[in-house]
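J.: I'd like to ask some things about the structure below.
The values are calculated or read from the model by the stated rules, or taken from the named source; none is laboratory data. These numbers were taken from a predicted model, which means no experiment stands behind them. As a convention, Cβ positions derive from the backbone with ideal geometry for all residues, glycine included, and neighbour counts pool all protein chains shown.
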Amino acid sequence: MEKVQMTTPLVEMDGDEMTRIIWELIKEELLCPFVDLKTEYYDLGLENRDRTDDAVTAEAAEATKRLGVAVKCATITPNAARVDEYGLKQMWKSPNGTIRALLDGTVFRTPIQVAGIEPCVRNWEKPITIARHAYGDVYKNTEMAVPGPGVVELVYTSDDGRESRALVHRFDGAGVVQGMHNLDASIASFARSCFEYALDVRQDLWFATKDTISKVYDHRFKDIFQDIFDAEYAQAFADAGIEYFYTLIDDAVARVMKSEGGFIWACKNYDGDVMSDMVSSAFGSLAMMTSVLVSPQGFYEYEAAHGTVQRHYYKHLRGEETSTNSVATIFAWSGALRKRGQLDGLGDLVAFADQLEEATLSTIASGQMTGDLALITTLPDPQKLSTHDFIRAIAGRLEQMREQL
């Protein structure tokens, strides 16, 4: 069988633990037999990030700017326990946060729906897309432990030497403090990305923060969104028959639970991180969600929205069988290949990406699935497959589809 050709490489960012094993299986079983795969490889595994003082993460982001499309495996963001486990030089920051800061843009996450997996929220009939701001906030914070009584202030020193100060807290004892920031330019690009995406898919756009409490920081987001909408997008939204509205984050949560879905929910960075996990889990599984970072400059980075599946990895190391859901990682590859094909004018590559997704979903709909889905499916007598057998089952369907061309 002749392989599908590529012209421009993808940026390939390898990752950690169980998802790293799945990454290799996907390439071995689902990609390389069918595609003349071209990638520029970066190892973002924790050991290599530590060995390179995390320079490899920035290099991968810069390569994404150069090549335009990237696909990323799940990676570890180390805590104190991971520093000890891996013998790290320091507690490196989130690689996702680093990449998003360098690329800017917005992360769009949408549940993957499939026959036999019904949402936990009964009235959710359509996917809910989370649009997550990809810059700043807690992911670029500075924090410190306060050892004892004293004063913590925010200090701004302008380039001409003038200072402005704001009291954070007068500590009577030990505590902790953190400082966060964002940029008007990044908030504006976030807003425009959301408005453009809503027009593209013709869905209502919600935006939510907590401006009643954060009267400067969160209110800035609210004002920039509204100013850009009024000046640039109000008429286009009216013509498309869709709506933009702002509400408080707690009100948005209540509305989301009672909705039927089928809209875009724009969130600040941390809110989007949490809410995308809630939405994906409620639609079936954390491993059943697409995730793509779209930058204003036209760079795309596709990834799985979940973690490295640490518990399964330890089982794998003990020689025990695992049944790890690889769907989100497969869809990260299919999304990247599709976008590469669209940008390069390669119809065969776009068609292959569609077939890979169809083979994946039809495998599940036939009753063959991983353990997380077997526990919640409405299909009778599901067949629980191991990590590798599930990918092999998809490969078999994909091969049949390719042979019929």
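J.: Among 284, 241, 262, which is the only one that is surrounded by fewer than 17 Cβ atoms within 10 Å (Cβ to Cβ), at positive phi and in contact (Cβ under 8 Å) with a residue 60 or more places away in the chain?
T.: Only one candidate passes the filter, namely 262.
J.: Can you name the residue in the stretch 148-201 that is in the same structural domain as residue 226 (by TED's automatic domain parsing) and of a type in the set (Ser, Thr, Tyr) and, of all such residues, is farthest from residue 133 (Cα to Cα)?
T.: In this case the residue turns out to be 197.
J.: Just checking, does the stretch 174-182 include any residue being of a type in the set (A, V, I, L, M, F, W, C), in contact with a Pro (Cβ under 9 Å, 6 or more places away or on another chain) and loosely packed, with under 12 Cβ neighbours inside 10 Å?
T.: There is at least one residue in the stretch 174-182 that is of a type in the set (A, V, I, L, M, F, W, C), in contact with a Pro (Cβ under 9 Å, 6 or more places away or on another chain) and loosely packed, with under 12 Cβ neighbours inside 10 Å.
J.: May I ask you to verify whether residue 309 is within 22 Å of the chain's Cα centre (by Cα) and surrounded by fewer than 21 Cβ atoms within 10 Å (Cβ to Cβ)?
T.: no
J.: Further question: Of the residues that make up the stretch 60-74, is at least one of a type in the set (Val, Ile, Thr), within 30 Å of residue 258 (Cβ to Cβ), crowded, with 18+ Cβ neighbours inside 10 Å and out of contact with any Ser or Thr (no Cβ under 7 Å at 6 or more places or on another chain)?
T.: Among the residues of the stretch 60-74, not one is of a type in the set (Val, Ile, Thr), within 30 Å of residue 258 (Cβ to Cβ), crowded, with 18+ Cβ neighbours inside 10 Å and out of contact with any Ser or Thr (no Cβ under 7 Å at 6 or more places or on another chain), which makes the answer no.
J.: Continuing with the same structure: Pull up the stretch 159-190, narrow it to residues that are in contact (Cβ under 8 Å) with a residue 40 or more places away in the chain and in contact with a His (Cβ under 9 Å, 6 or more places away or on another chain), then point me to the one that is nearest to residue 137 (Cα to Cα).
T.: The residue in question is 182.
J.: Among the helices (runs of 4 or more DSSP H) contained in the stretch 1-76, which hold 1 or more residues that are in contact (Cβ under 8 Å) with a residue 40 or more places away in the chain and closer than 18 Å to residue 97 by Cα?
T.: Passing ranges, in order: 46-51, 55-67.
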